[in-house]
Amino acid sequence: MNSLPVVAIVGRPNVGKSTFINRLVGSREAIVHDMPGVTRDRLYLRADWNGRDFVVVDTGGIVPGTDEELLQSVEKQAMLAVEEADVIVFVVDGEVGVTPVDEDIANLLRTSKKPLILAVNKLDNVSEDPKANEFYELGLGEPRPMSSMHGLGIGDMLDEIVNAFPPESEEPPPEELRIALIGKPNAGKSSLTNALLGHERMIVSPVAGTTRDAIDTRLEIDGKHYTLVDTAGIRKKAKVDYGVEAFSVVRALKAIERADVIVMMIDGAEGVSEQDQRIAGIAEDSGKGLVIAVNKWDLVPKDTHTMPAYRKKLEEELRHVKWAHVIFISALTGQRVPQVLEAAEAAAAENTRRITTGVINEVMAEATAMNPPPASHGRRLRIYYVTQVASAPPTFINYCNEPKLVTEHYKRYLENKIREAFGFAGTPIRLIFRPRREKQG
Ligand code: GDP
Ligand code: GDP
């Protein structure tokens, strides 16, 4: 999946950034409006113009108390913009003219090599356009007049923005692991996301989702690429506001659909709930690799037996996914957080593994010799031939005399034998039984 170009909107408070952003994104998503004294977090909003999709980052900012605070917040904004954006739009107030804070922002932005558009807002009448020229003194190139309020100059601005995007790449994007982070509310999904994002060597950028609102987060660690699917919502759920219900099953399903591997978080202090069992069922049905991250491990009183005992209990309570890779973490302290990505990678690798026909048949022949297949009414199950027909999840077709004779118990036995031989830790596997006459086998 290609990265969408990112446009950052920068500028001091009250120049009309929100009004401008509303113009860019239309009615797609309501912007959390400034309230005095309330910190706005960054928002990521989808927009498009002439067939190019892009993401608008509203870097927000603190409603300043003192000049010092204003400067700090503006600096922070500008740095974030420079870091994340493909194109920066610096909004200034044409009514007020150049202010010292505008100059400070200009100084910060000038060091960046990113394309920059200087938007002079609040020029509500075309006759006022020459006022924009005053902003040449910022040394950022041609100032462009607009009125966000009246929708003047917005089309031209969008043309400028889209023209400044990097060309749509022909190259395939770097191979990445797509991770769906799921779990009930308060399990610690946002905390884990933030802990992962806190890692110094990460580059963060939202990328295109297939659904309109889903915005993914991309990480790069030690040259490896990861995408946390649909994380904008969990990163800052209160602000993006997907409703009071922070976890919705539909949302999890969609995220899983688009992911290679699932990380399911459990509140370790609370233990497994019914909702966790439901989520585990969804994970198993998806056929994707699964890592269970038992979070808040810092809150669990421990001795040397705690972890094995917890593992055993999990296996019982989440019987359908006892093949899952289980790790014990604390998103809060960072304990074993890097293992989440390692385990996800391992589970994804197992999920896509292929076993050659010769080798799987050897294992199955031995398994059926050690523990003969079930019989019913004088007919005994015979398995002639096994072959892996798919991966993700690994799927094996067992050609046999009568599929009806297969019992759940025996199927589980065979699955265990396959796992003993090949591992497949962290992935479901599927065994399918098909009839075939002996001669053909
Ligand atoms: P932000 O703090 O930079 O996000 O600014 P807002 O978008 O909240 O706008 C600050 C004020 O300027 C609001 O009262 C807007 O209605 C007003 N405003 C925004 N754009 C324009 C414009 O193009 N013309 C005029 N006259 N006022 C505007
Ligand atoms: P989400 O709803 O799944 O995104 O959960 P949050 O990340 O918002 O976490 C819910 C609450 O649990 C917050 O108060 C977190 O500070 C807290 N929390 C998250 N992870 C840990 C952890 O590892 N240890 C402890 N003690 N608290 C945690």
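Quick one: which of Ser391, Ser376 is small (Gly, Ala, Ser) and over 30 Å from Leu228 (Cβ atoms)?
None of the other options fit; the residue is Ser376.
Sort out which residues of region 78-121 are closer than 24 Å to Asn163 by Cβ and within 11 Å of ligand 1 (Cβ to nearest atom), and write them in order of number.
Selection gives Val91, Val92, Gly94, Ala119, Val120, Asn121.
Just need a number here: residues in region 14-32 that are at pLDDT below 85 and either of a type outside the set (Lys, Arg) or within 8 Å of ligand 1 (Cβ to nearest atom) (or both).
Of the residues in region 14-32, 7 are at pLDDT below 85 and either of a type outside the set (Lys, Arg) or within 8 Å of ligand 1 (Cβ to nearest atom) (or both).
Right, Glu317: of a type in the set (Asp, Glu), surrounded by 14 or more Cβ atoms within 10 Å (Cβ to Cβ) and either within 16 Å of ligand 1 (Cβ to nearest atom) or farther than 16 Å from Val272 by Cα (or both) or not?
No.
If I filter region 328-367 down to residues being surrounded by fewer than 21 Cβ atoms within 10 Å (Cβ to Cβ) and polar (S, T, N, Q), which single residue comes out as farthest from the chain's Cα centre (by Cα)?
Here the answer is Asn361.
If a residue has to be away from ligand 2 (no atom under 16 Å from the Cβ) and either open to solvent by less than 60 Å² (accessible area, probe 1.4 Å) or assigned to a strand (DSSP E or B) (or both) to count, how many in region 261-279 make the cut?
1
Given the structure, is Asp53 modelled with pLDDT of 65 or more, away from ligand 1 (no atom under 15 Å from the Cβ) and not small (Gly, Ala, Ser)?
The answer is yes for Asp53.
Among the candidates Asp298, Asp285, Asp303, which residue alone is in a loop (DSSP other than H, G, I, E, B), more than 21 Å from Glu420 (Cα to Cα), away from ligand 1 (no atom under 16 Å from the Cβ) and of a type in the set (Asp, Glu)?
Unique residue meeting the criteria: Asp303.
Pairs only if they're at least six apart or on different chains, beta carbon under 8 angstrom, first in region 14-27 and closer than 17 Å to Ile117 by Cβ and among the β-branched types (Val, Ile, Thr), second within 6 Å of ligand 1 (Cβ to nearest atom) and open to solvent by 10 Å² or more (accessible area, probe 1.4 Å); list them, first residue then second.
Val15/Lys122; Thr19/Met149
The rows are residues; the columns are (1) more than 16 Å from ligand 2 (Cβ to nearest atom); (2) at pLDDT 95 or above; (3) over 25 Å from Asn22 (Cβ atoms); (4) in contact with a helix residue (DSSP H, G or I) (Cβ under 8 Å, 6 or more places away or on another chain).
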{"position": "Leu109", "(1), (2), (3), (4)": "yes, no, no, yes"}
{"position": "Lys113", "(1), (2), (3), (4)": "yes, no, yes, no"}
{"position": "Ile117", "(1), (2), (3), (4)": "yes, yes, no, yes"}
{"position": "Lys122", "(1), (2), (3), (4)": "yes, yes, no, no"}
{"position": "Val126", "(1), (2), (3), (4)": "yes, no, no, no"}
{"position": "Lys131", "(1), (2), (3), (4)": "yes, no, no, no"}
{"position": "Gly139", "(1), (2), (3), (4)": "yes, no, yes, yes"}
{"position": "Arg144", "(1), (2), (3), (4)": "yes, yes, no, yes"}
{"position": "Ser147", "(1), (2), (3), (4)": "yes, yes, no, no"}
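Only one residue in Tyr410, Tyr399, Tyr384 is assigned to a helix (DSSP H, G or I) and hydroxyl-bearing (Ser, Thr, Tyr). Which one?
Tyr410
Go through (1) within 16 Å of ligand 2 (Cβ to nearest atom); (2) at pLDDT below 95 one by one and return the number of the condition Val207 breaks.
(1)
Test each condition in (1) open to solvent by less than 40 Å² (accessible area, probe 1.4 Å); (2) outside any helix (DSSP H, G or I); (3) among the aliphatic types (A, V, I, L, M) for Ala392 and report the one that comes out false.
Among (1) open to solvent by less than 40 Å² (accessible area, probe 1.4 Å); (2) outside any helix (DSSP H, G or I); (3) among the aliphatic types (A, V, I, L, M), the lone unmet condition for Ala392 is (1).
Residue check, Ala324 against (1) in contact (Cβ under 8 Å) with a residue 40 or more places away in the chain; (2) of a type outside the set (S, T, N, Q); (3) surrounded by fewer than 16 Cβ atoms within 10 Å (Cβ to Cβ), all met but one. Which one?
It fails just one condition, (3).
Is there a residue being of a type outside the set (A, V, I, L, M) and touching a Gly at 6+ places or on another chain (Cβ under 8 Å) anywhere in region 353-368?
No, region 353-368 has no match at all.
Counting only residues that are open to solvent by less than 60 Å² (accessible area, probe 1.4 Å) and more than 29 Å from Ala255 (Cβ to Cβ), give me the strands (runs of 3 or more DSSP E) lying completely in region 80-191 with at least 1 of them.
87-93, 116-121, 143-145
The values are calculated or read from the model by the stated rules, or taken from the named source; none is laboratory data. Given the structure is predicted, the values throughout are model-derived calculations rather than measurements. Cβ: placed from backbone, ideal geometry, glycine included. Neighbour counts: every protein chain shown. Side chains included, ligands, DNA and RNA excluded: accessible areas come from the protein's heavy atoms. Shrake-Rupley method; radii C 1.70, N 1.55, O 1.52, S 1.80 Å.
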